[in-house]
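To keep things clear, I will list the structure first and then write my remarks on it.
Just so you know, all these numbers are worked out from the coordinates, no wet-lab data involved. What you see is a predicted model, and the numbers here were worked out from it, not measured in a lab. Backbone-built Cβ (ideal geometry, glycine too); neighbour counts: all protein chains shown.
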Amino acid sequence: MISVMDGRSVTLQTATEIQKDDLLMWKFGAEKSLIAEINAEAGSFNTYDGPDGRFRDRLELDKKTGSLTITNTTSEHAGLYLIIISGKTVTEYRFNVTVY
């Protein structure tokens, strides 16, 4: 579990380096809404607002590691985050974030 104070930033670390053929997808919540993705082969790096806009202007994606930073957190950002890294193998990491 990762705890962050309301209004602060939190970085969800992947502990990896992106390889040239990797596809990374960050998802949030029980509905697994896509909030960020990297397609290394195509050179595309995208963040999304989420279905209700809660991530608008709050996500930063590290282009080397795929780590995701959420800025100016609120209670809306608490919950389960999932990253799926597809390359030579498929790896998943889960992060449970609480905001206090």
Note on region 69-84: residues part of a loop (DSSP other than H, G, I, E, B) and either touching a Ser or Thr at 6+ places or on another chain (Cβ under 8 Å) or at positive phi (or both) are 71, 72, 73, 78
Do we have residue 36 as of a type outside the set (S, T, N, Q) and part of a strand (DSSP E or B) here?
-> yes
Residue 73 meets each of (1) over 12 Å from the mean Cα position of the chain (by Cα); (2) within 12 Å of residue 18 (Cα to Cα); (3) crowded, with 17+ Cβ neighbours inside 10 Å; (4) not basic (Lys, Arg) with one exception, condition (2)
Restricting attention to region 1-31, the residues that are among the charged types (D, E, K, R), surrounded by 14 or more Cβ atoms within 10 Å (Cβ to Cβ) and within 17 Å of residue 95 (Cβ to Cβ) number exactly 1
With the condition kept exactly as written, say whether any residue in region 6-22 is within 12 Å of the chain's Cα centre (by Cα), farther than 16 Å from residue 97 by Cβ and in contact (Cβ under 8 Å) with a residue 24 or more places away in the chain. no
